[in-house]
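The structure appears right after this line, and notes come after that.
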Amino acid sequence: MIITRPRDWARVEANLEEIGARRVFIMGCGQCATVAKTGGEEEVLQAKAAIEQSGREVAGWTIGEVACHEGDTKLTARKHHDALETADAVLVLSCGAGVQTVADAVDKPVLPGLESVFLGNVVRHGVFEERCQMCGECVLDLTAGICPVTTCPKGLLNGPCGGMWEGMCEVLTDRECIHVLIRRRLSAQRRVASGSLAPKDFSKKLKPGSVNLRAGRKETGR
Amino acid sequence: MSRLRDALERGEFVITGEVAPPLGTDMTGLRESIAILGPQCHALNVTDNQGATLHLSSLAASRTVLEMGFEPIFQQTCRDRNRLALQSDLLAAWTFGLENLLVVTGDDPRGGDHPEAKGVFDLDSTQLLAVAAGMNEGRDMHERELAGGTGFYLGAAVFPEAEPWDVQLDRALRKVEAGAMFFQTQAVFDLDKFARAAEELRPSGVKLIAGILLLKSPRVVRFVNERLAGLMIPEAIAARIERATDPLEESIVLAIEQARELLAVADGVHVMPLGVDGAVERIIAEAGIG
């Protein structure tokens, strides 16, 4: 789940002002941004009210099924072709991937309405936590299923750092040190920590990532 | 050869001090500190953007220590440089004549003066120790032969009072495995816990230099307990400083007591005078560790 948060509305206003947009079309996302309560119907309607309050018109709005799905977004754009034609700009309430998909599908200035923050676990309704950074080189087999790269604020493979005190993290002081948790779980499962972990290979995750299953699983960075 | 190494290997009780590079290019204050502490110590640690706050580099300031005729302990954190920059600075350090290297993780940038900075942590301190140990054997971290290697005396940090101890001990032993030949500890307040660390780490041959922090004012006590690490300073010691009519004098007396006690269990002391450089000579003399 891609977790997003609302973008500073003053910045959105400034963006609209810069391009002299009088009519705005709003697009939300039916997947992650709906679950994150940032780009579902409720939030799209709030954005609509805010745009109208600033004296602009809303040319229309919709919530695509999956904003980052190119085919789906093209279809949505086609469905709303007439309203989009009258708009000066499109405001997208989705992650950055969705914003770019819309920008490719619609020949209008497309603006982000959210900030993309992390790949999140849904801990429970409305509670999200980052557990995986998609590093391309998983160490969870060695760390008792707890990712130090993501959940240690410093991303240390070998810890704890010198700030750990009474088992607590130095940076996020209300949390237990992840390296203590890893060790505790390993010993509870009668597993031995496998010595020091080697430095990460960041070439396993080169930007921009791509996978093409149609070309015999062609990937960047591999 | 590093005088620090030589002294430790001969079994001499060593004294290390600490100087902080300036925020800027005026080296006057740094030189003053070096001039006061240098003659008292076997070596001086030169901090690397300590507390994740901007300072002139440890590399340049370590060279200043050397130029003034004293021995620096060049500190490198993993916070500000990736593996290319770290290796390149280690090579540079060796050409400058810096023989002692202390490798630490580094404080997180969000606690420093550039909270918007990206913490690099491309390597952690154990991994960087292994890289430096490799350089001592004439190769880079890709096992390529260097045109001239290094010969660092490798140090690391350990926190003998942090619990859970089994996790700390394991981490310290891995640092030894990676190449650490000496440890400098965070400030020691609980001698029993330090003795426990010494007992378990000494068999590996590593030397232990115990930290002494001059608790010069109640403000420092509060700062350490609130900002640095939990409730590190025990109630009794905190109260002693807070109730003293002359907290600075009390903190010097306390440091003398601590140094005297550590003489029996440590290989040396690392004095962090927090700017009261002039007190170090007295601490050493009155503790009888000079």
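Here are a few things to note about the model shown:
- Only protein heavy atoms count here, probed at 1.4 Å, and on that basis chains B and A bury about 2300 Å² of accessible area in total.
- Mean separation of Cα contacts under 8 Å (6+ apart) over length of chain A, as relative contact order %: 17
- Counting DSSP beta bridges with both ends in chain B, the antiparallel % (nearest 5): 5
- Ranking by accessible area, most exposed first, for B:Leu169, A:Leu119 with a 1.4 Å probe: A:Leu119, B:Leu169
- If you look at the Cα atoms of the stretch A:136-222, you get an Rg and a Dmax of 16.1, 52 Å.
- Annotation: the antiparallel percentage among DSSP beta bridges lying fully within the protein assembly as shown is about 25.
- Angle between chain A longest axis and helix A:70-79 axis [Cα atoms, degrees, rounded to 10]: 20
- Computed per residue of the protein assembly as shown from DSSP H runs no shorter than four, each worth -39500 (n - 2.57), the mean residue ellipticity at 222 nm is -10500 deg cm²/dmol.
- Projected area, mean over directions - the stretch B:3-213, Cα convex hull, nm²: 11.8
- Ranked order, B:Cys78, A:Cys147 - accessible area, probe 1.4 Å, largest first: A:Cys147, B:Cys78
- Within the assembled protein chains, the solvent-accessible surface assigned to B:Glu199 is about 140 Å², based on a 1.4 Å probe.
- Contact order, relative form, for chain B: 17 percent (alpha carbon pairs under 8 Å, 6 or more residues apart, mean separation divided by residue count).
- For the stretch B:259-287 versus the stretch A:157-222, the gap between their alpha-carbon centres in whole angstrom: 39
- For B:Leu44, the shell of other residues with beta-carbons less than 9 Å away shows a net charge of -2, using +1 for Lys and Arg and -1 for Asp and Glu.
- Histogram of C-alpha separations across the protein assembly as shown, 10 Å bin width, %: 4, 16, 23, 20, 14, 12, 8, 3, 0
- Of all lysines in the structure, those lying under 29 Å Cα to Cα from A:Lys200, and not within fewer than 8 positions of it along the same chain, are A:Lys154, A:Lys218, B:Lys118, B:Lys175.
- Here the stretch A:2-118 is treated as an ellipsoid with the same Cα gyration tensor; its semi-axes, largest first and in whole Å, are 19, 17, 12.
- With Cα atoms, 0 to 90° folded angle of helix A:41-53 axis to chain A main axis: 50
- Computed over the alpha-carbon atoms, the stretch B:34-132 gives an Rg to Rh ratio of 0.98, Rh here being the Kirkwood radius from the mean inverse distance.
- Counting heavy atoms of the protein chains alone, B:Asp170 has an accessible area of about 40 Å² for a 1.4 Å probe.
- The alpha carbon centroids of the stretch A:1-45 and the stretch A:107-144 are separated by 19 Å.
- 0 to 90° range, to nearest 10: angle between helix A:178-188 axis and chain A longest Cα axis: 50
- Cleavage-rule hits (GluC sites (Glu not before Pro)) in the stretch B:1-85: DSSP loop, at most 15 neighbouring Cβ within 10 angstrom: B:Glu12
- Inter-chain neighbour count for A:180-193: the average number of beta-carbon atoms from partner chains within 10 Å of each residue's beta-carbon is 1.
- Mean projected area in nm² (Cα convex hull; one quarter of hull surface) for the stretch B:193-290: 6.6
- According to the Cα-based calculation, Rg over Rh for chain A is 1.08, with Rh computed by the Kirkwood formula.
- Spatially, the stretch B:120-138 and the stretch B:154-174 are offset by 18 Å when compared through their Cα centroids.
The values are calculated or read from the model by the stated rules, or taken from the named source; none is laboratory data. Note that the structure is predicted; figures quoted are calculated from it, not measured. Using ideal geometry, Cβ is built from the backbone for each residue, glycine included, and neighbour counts are taken over all protein chains shown. Each accessible area value is taken on the protein alone, full model and side chains, heavy atoms only, with ligands, DNA and RNA left out. Shrake-Rupley method; radii C 1.70, N 1.55, O 1.52, S 1.80 Å.
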